1. Quick check on A77: is it at pLDDT 95 or above, under 19 Å from L17 (Cα atoms) and among the small types (G, A, S)?
2. Of the numbered conditions (1) buried (at least 17 other Cβ atoms within 10 Å of the Cβ); (2) at pLDDT 95 or above; (3) not aromatic (F, W, Y), E13 fails exactly one; give the number of that condition.
3. For the structure I just gave you, tell me whether S39 is among the hydroxyl-bearing types (S, T, Y) and surrounded by fewer than 16 Cβ atoms within 10 Å (Cβ to Cβ).
4. Quick check on this structure: which one of F68, F60 is surrounded by 14 or more Cβ atoms within 10 Å (Cβ to Cβ) and under 14 Å from the mean Cα position of the chain (by Cα)?
Amino acid sequence: MLYTLNLFDVIPEKARLYRRYSIEAGKIIFGVNGRVVCSGWHPRTLRGEEIRTHLIVVEFPDEQALDFFLNDPAHHAVHEMRENSTTNYIWKIFEPWDLDAWVAFRS
């Protein structure tokens, strides 16, 4: 299992295109047994100078599912929708981290 963290801004006049991207990308993600863990938006920054107004965390079952989502030629047009409707995109991959074990905390 792994997660992608997506931080970005939607271009206001392209919001309708981003909505279409979300629908099409969701079909692919769910088709590989992935899921959207959380999503949110808020233009408030607590610390730091980086400002992004939207957040999405997606869980993929494995690297192969993520690779299929990202690199299958049939998905090129879907990713193009994202690229044309967002700006300031940060996209990171994270592996699960057992924080309880890391801090040796047991409840």
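The values are calculated or read from the model by the stated rules, or taken from the named source; none is laboratory data. Predicted model, so just to flag it, every value in this text is computed and none were measured. Neighbour counts are summed over all protein chains in view; Cβ atoms, including those assigned to glycine, are modelled from backbone coordinates with ideal geometry.
1. Considered against the rule, which asks whether it is at pLDDT 95 or above, under 19 Å from L17 (Cα atoms) and among the small types (G, A, S), A77 comes out as yes.
2. (1)
3. Working: among the hydroxyl-bearing types (S, T, Y): yes; surrounded by fewer than 16 Cβ atoms within 10 Å (Cβ to Cβ): yes.
So S39 fits the description; yes.
4. F60
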